[in-house]
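Participant: Quick one: this structure, given as structure tokens, is what I'll be asking you about.
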Amino acid sequence: MALTSPAFPSLGALPARFTCDGLDISPPLGIDGTPLGTSELALVLHDVDANGFLHWVVFAIPPDVVLIREDELPPNALQATTGFGPARYGGPCPPRGRTHHYVFELYAERTRLSLEPGGQGPVAVQAIEAGASAKAVLIGTYRRAGS
């Protein structure tokens, strides 16, 4: 399974429009090679340079989805809360002058997750990781101007 983005290369810089310095919208993501028998996909975005701060938790993504469009959720997909509070995408926003690494993790789930929309992000991530049969990772970086 692979996770890519037409907006930035793996280990490359996220464009500002996907961050707190821009429109704060989710980037487009491409999905390839979802394993047969996958019940649903889930996506987690966290900042590894900020103790795993959660920026986005999405689950109930249909297994036939191959593209998550910019600033959109796939049909029937649900979200859990993030470190910012609401159940929505919260773009990268590191301290000024520091480069942070943002890890997008795509999980193939063997069975449907029993999660509530708007539920607690850390609880959702634990369930997502526990039920996964495969995982793909895409890492982007972001550095805010200033000191």
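Each reported figure results from applying straightforward, stated rules to the coordinates on display, with no laboratory input. Computed from a predicted model, the values in this text were never measured in an experiment. All Cβ positions, even for glycine, are placed from backbone atoms using ideal geometry, and neighbour counts span all protein chains on display.
Participant: Given the rule -39500 (n - 2.57) for each run of at least 4 DSSP H residues, summed and divided by the residues of the chain, what is its mean residue ellipticity at 222 nm, to the nearest 500 deg cm²/dmol?
Facilitator: So the helix-based figure for the chain works out to -2000 deg cm²/dmol.
Participant: For the stretch 1-76, how big is the tail of P(r) above 22 Å, as a whole percent of Cα pairs?
Facilitator: For the stretch 1-76, the share of Cα pairs beyond 22 Å comes to 24 percent.
Participant: Please give the net charge around residue 135, taking every other residue with its beta carbon less than 12 angstrom from that of residue 135, where Lys and Arg add +1 and Asp and Glu add -1.
Facilitator: Taking every Cβ under 12 Å from that of residue 135, the sum is -3.
Participant: What net charge is computed for the residues neighbouring residue 42, neighbours being all others with C-beta under 12 Å from the C-beta of residue 42, Lys and Arg scored +1, Asp and Glu -1?
Facilitator: Spelling it out: positives minus negatives among the neighbours equals -1.
Participant: Right, next: Any idea which of 61, 136, 13 is furthest toward the positive side of the dipole for the chain, if Lys and Arg beta-carbons carry +1 and Asp and Glu beta-carbons -1?
Facilitator: 13
Participant: Could you bin all the Cα-Cα distances of the stretch 61-147 into 5 Å bins starting at 0 and give me the percent of pairs in each, rounded to whole numbers?
Facilitator: Here the calculated profile for the stretch 61-147 is 3, 11, 18, 24, 22, 12, 6, 4, 1, 0.
Participant: Output the Cα-based Rg and Dmax of the chain in Å, rounding Rg to one decimal and Dmax to a whole number.
Facilitator: 14.3, 49
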